[in-house]
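What follows draws every value from the coordinates through simple rules; no lab data is involved. Keep in mind the model is a prediction, meaning the values are calculated, not measured. Note that we place each Cβ from the backbone using ideal geometry, even for glycine, and neighbour counts take in every protein chain shown.
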Amino acid sequence: MALRLAAIVAALGGELHGDPALLVEGLAPLEQAGPGQLSFLSNPRYQPQLAASRAGCVIVAPSMLAAAQARGACIVAPDPYLYFARLTQLWKKQSAPPAGPAIHPSAVIDAAAVIDPAASIGALCVIERGARIGAGTRLAPRVTVGENCVVGERCVLHPGVVIGADGFGFAPNAGAWEKIEQLGAVRIGNDVEIGANTCIDRGALADTVIEDGVKLDNLIQIGHNVRIGRHTAIAGCVGVAGSATIGAHCTIGGGAGILGHLTIADNVHISALSNVTRSISRPGHYTGFFPIDDNAAWEKNAATLKQLHGLRERLKALEKK
Amino acid sequence: MALRLAAIVAALGGELHGDPALLVEGLAPLEQAGPGQLSFLSNPRYQPQLAASRAGCVIVAPSMLAAAQARGACIVAPDPYLYFARLTQLWKKQSAPPAGPAIHPSAVIDAAAVIDPAASIGALCVIERGARIGAGTRLAPRVTVGENCVVGERCVLHPGVVIGADGFGFAPNAGAWEKIEQLGAVRIGNDVEIGANTCIDRGALADTVIEDGVKLDNLIQIGHNVRIGRHTAIAGCVGVAGSATIGAHCTIGGGAGILGHLTIADNVHISALSNVTRSISRPGHYTGFFPIDDNAAWEKNAATLKQLHGLRERLKALEKK
Amino acid sequence: MALRLAAIVAALGGELHGDPALLVEGLAPLEQAGPGQLSFLSNPRYQPQLAASRAGCVIVAPSMLAAAQARGACIVAPDPYLYFARLTQLWKKQSAPPAGPAIHPSAVIDAAAVIDPAASIGALCVIERGARIGAGTRLAPRVTVGENCVVGERCVLHPGVVIGADGFGFAPNAGAWEKIEQLGAVRIGNDVEIGANTCIDRGALADTVIEDGVKLDNLIQIGHNVRIGRHTAIAGCVGVAGSATIGAHCTIGGGAGILGHLTIADNVHISALSNVTRSISRPGHYTGFFPIDDNAAWEKNAATLKQLHGLRERLKALEKK
């Protein structure tokens, strides 16, 4: 698999400075790329790596043109990272042309499910009655879409995804738990991607809702009646408890935990590993986790932490003197 | 799907104040319910929402009768939330009568597994030799029950559950790891529910045990030789390390982590996201996680945290003066 | 299933002090073992349990010979825990002789995948084109190995494992996300074990790499372009973000989180539940999590924590006086 620079700019645009006949055999990061490879510089911070790179060609922003030309071939694009993303798409399409839409014969699909003819259903998927899968959506192998759940268009669901298991609802009854049947479903918009083994539970009464353009990584748990706003991206191992509402254009770092029944505004960014235990009403960057240290130092500080409130009181007393 | 109030009280009891012929077309929370919908008030705190609700009928406690009647139809029941739970069960049974017990033809079941004729096995399940599945238990699609593992009666296992993978046991051997074969199994009691993609490992020598009535949410990891006591409920994304013993009637919030080889008493309640790193011998409510803050404030506090023990020493020195 | 002590030492070595004809019917921990069971003492700390044990025979280190003989039969071995590990292997082989290598007929294997004839593929696995599975490797049921991913020799992959789902890569584009196709694969060495429902993502450009002898527990997320060094062991529910490099011979405790683009040296040990948010260049033991407390105490301390930096400033001011 190889593409000439001419073919790349013909497909994706950009301003080529260099030999259009140069054959690109692969994509690679700046510091690893060789003469047969194409790379990109998206962050001006890495400019020093540009001069040292052996890449056959580099995608750069207009402001980097001089520096890039001093080095060799380049493609100038307003947003090199976006250009790179589209280049990966072009590359994938050329090297492994996707099979047409198809339903793998091993998939188990209820007669009362509705699969768009332009959807693709992988091996050993299970699609239950009343579920609907939109055009251009691709289910990898071993995905479950439960009763009455709806997946929009151009979505990608990775292996092991479970859409529409029961939400976790029980009423206490004399020391035991009485099941609250989960009567809602899951509604997933268009252009949503869902990572491997991620689970999205059906709602208790109303539906759990994932809006257009949301991207979920692997091993994420989305509780019942959660709503996630448009184009929010959530990294791996995040848990979102029931009835939480997350705004649009948020990013949630990996391993974060989000309690139930709270609301996060649009454009909120949560650091990885943070615990969101209250609503957040203003856009911004929020963090909360215990910093790592060598174990001996941590032990001393963690022990003192249990006296922290007392320390404050003692400090106050001293200040009064 | 619709039910008259008369049919509901005939099935579930309760004292109806209102027109028995009123047709209920759905269940909904107080603030969203319309005239064709039935709602409930379980927490007196939400009484203000009662007056404003447009619900066709509301389930209330005896103490709320006057307030509810001022508004319209109501059903009085001693525990409205429990009544609501049973109503969801009635609703589900009416709207989607469960198919009889059956083994889906795509399931892969070893000849030496024992499936009760009143159990139901979903599509693409795998049940290995010596495993046993009790009466009334329902396995959703894509569940694995490993060799010699036992699942009791009336259990529900959601998609992707793995019962009886090997526990994580290795002995160090000259810088590498020697596998400790896991010779135990998993024993699950009656009325246990297990969420999507949750894993319960088999024991090393003895069995891992989940007692009657335990409820586990999605994406939970239960290590080898763990024992979880009756009617304990564990929310999503919790990890329980090997040989931990958790008492009966506990609740463990989502995202909590529980170390191995410790013991938690009955009636212990762990807040979501907390790290349980020592045994807990007394009933109560326990918590431990770093609170979230805006990132700039967190950075300052987290940096100071690493000097906390030193701060205490300095405070002591000042106090001595 | 039972073995005489003579057969055990014939297979595994060690110095038997006791009746070679004694029939062992099972393995059990010291405090639970009965006369028909074999146990072991690996930690001298547990010596008091040795005297009290009813085990038919105990595996001990040479230094424990006198104490063990005072009690009854024993096998002396330089590393009793390692001896025990091998004994579990012997036991398993005797009690449930593994079927020969085989591909379960329900597995879905692409014609362009390469399965070594000495590999074993469980029910309902999916192996995509270009994937390769080495000799002696065993895939449990319901495992996915994606396109072009390579699994070495003598590996064990437990149910629900997903190798080679797309890494989580998107470029921002006018408020939405543009997919970065993941063009790399996953390369897994020899003697690697991977727990149930664990996910290892394919690389963006280069491959994600798991070196020889790595042991991964259940429900672990390994992001794209991660590299994990030889014989490192990672417990359940750990998340490793993209492009992290973890050294050889490390141990990572359960529930820990490891940020992306950082480097952890060889022989680093991370406590369970810790947040690794920076590179670690020196071997050692590192920890970082908020200690648990009763909820009331935690609330007071957590609230004060938000003023910690201010407290330091006030302490400084007092010291200046």
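Going by how many other beta carbons lie within 10 Å of each one, how would you line up B:Asp166, A:Asp116, fewest first?
Lowest to highest Cβ neighbour count: A:Asp116, B:Asp166.
In the structure shown, do any of B:Lys300/C:Lys316; A:Lys306/B:Lys316; A:Lys306/B:Lys321; A:Lys316/B:Lys321; B:Lys306/C:Lys316; B:Lys321/C:Lys321 have a Cα-Cα gap over 21 Å, and if so which?
Those over the limit are A:Lys306/B:Lys321.
Calculated from DSSP H runs of 4 or more alone, at -39500 (n - 2.57) each and per residue, what is the 222 nm mean residue ellipticity of the protein assembly as shown, nearest 500? Write down the numbers at each step before the final one.
Numbers: 18 runs with 177 residues, N = 963.
The helix-only estimate for the protein assembly as shown comes to -5500 deg cm²/dmol at 222 nm.
Could you give the alpha-carbon Rg of the protein assembly as shown over 2.2 N^0.38 Å, rounded to two decimals?
Values: Rg = 29.3 Å, N = 963, 2.2 N^0.38 = 29.9 Å.
Ratio of Cα Rg to 2.2 N^0.38 Å: 0.98.
Semi-axes of segment B:168-230's equivalent ellipsoid from the Cα gyration tensor, sqrt of 5 times each eigenvalue, largest first, rounded to whole Å?
27, 13, 7
Over the whole of A:17-29, what's the average partner chain Cβ count within 10 Å per residue? Rounded to a whole number, please. List each step's numbers first, then the result.
Numbers: counts 0, 0, 0, 0, 0, 0, 0, 0, 0, 3, 6, 3, 5.
Going residue by residue through A:17-29 and averaging, the value is 1.
Place a label point 7 angstrom from the Cα of C:Asp294 along the Cα-to-Cβ direction, then list the residues of segment B:279-294 whose backbone nitrogen is under 20 Å away.
What the label zone holds, given the 20 Å backbone N cut-off, is B:279-289.
Counting other C-beta atoms within 10 Å, which of C:Ile222, B:Ile220 has the fewest, and how do the rest follow?
B:Ile220, C:Ile222
Can you list the HN-Hα couplings for segment B:57-66, worked out from phi with the Karplus curve (6.51, -1.76, 1.60; θ = phi - 60°), rounded to whole Hz and with x for Gly and Pro?
7, 10, 7, 9, 6, x, 5, 9, 4, 4
Mind checking which lysines have their Cα closer than 18 Å to the Cα of C:Lys179? Skip sequence neighbours fewer than 8 apart in that chain.
A:Lys92, A:Lys93, A:Lys215
Please compute, for peptide B:204-215, the average count of beta-carbon atoms on other protein chains lying within 10 Å of each residue's beta-carbon. Each step should come with its number before you reach the end.
Details: counts 4, 11, 5, 0, 0, 0, 0, 0, 1, 4, 1, 6.
Partner Cβ neighbours, averaged per residue: 3.
Projected onto the charge dipole of chain C (+1 at Lys/Arg Cβ, -1 at Asp/Glu Cβ, origin at the Cα centre), which of C:Asn295, C:Gly310, C:Ala77 gives the Cα projection farthest towards the positive end?
The residue sitting most towards the positive pole is C:Gly310.
When a/c is below 1.5 the answer is rounded, else prolate if a/b is larger than b/c, else oblate, so apply that to segment C:43-137 with a ≥ b ≥ c taken from the square roots of the Cα gyration tensor eigenvalues.
Prolate.
Grab the beta carbon distance between A:Asp116 and B:Leu90, set R0 = 35 Å, and tell me the FRET efficiency rounded to 0.05.
0.50
How big is the charge dipole of chain C about its Cα centre, in debye rounded to the nearest 20, if each Lys and Arg gets +1 on its Cβ and each Asp and Glu gets -1 on its Cβ?
840
Which one, C:Gly223, C:Gly72, C:Gly136, has the greatest fluctuation when you compute a Gaussian network model over chain C with C-alpha springs under 10 angstrom?
C:Gly72
Just to be sure I understand: of the beta bridges DSSP finds with both ends in the protein assembly as shown, what percent are antiparallel, rounded to 5?
Values: 33 of 213 bridges.
So the antiparallel bridges in the protein assembly as shown amount to around 15 percent.
Please compute, for peptide A:75-87, the average count of beta-carbon atoms on other protein chains lying within 10 Å of each residue's beta-carbon.
Per-residue shielding by partner chains comes out at 3.
Cα gyration tensor of chain B, axes a ≥ b ≥ c as square roots of the eigenvalues: rounded (a/c below 1.5), prolate (a/b > b/c) or oblate?
Cα axes put chain B in the oblate bin.
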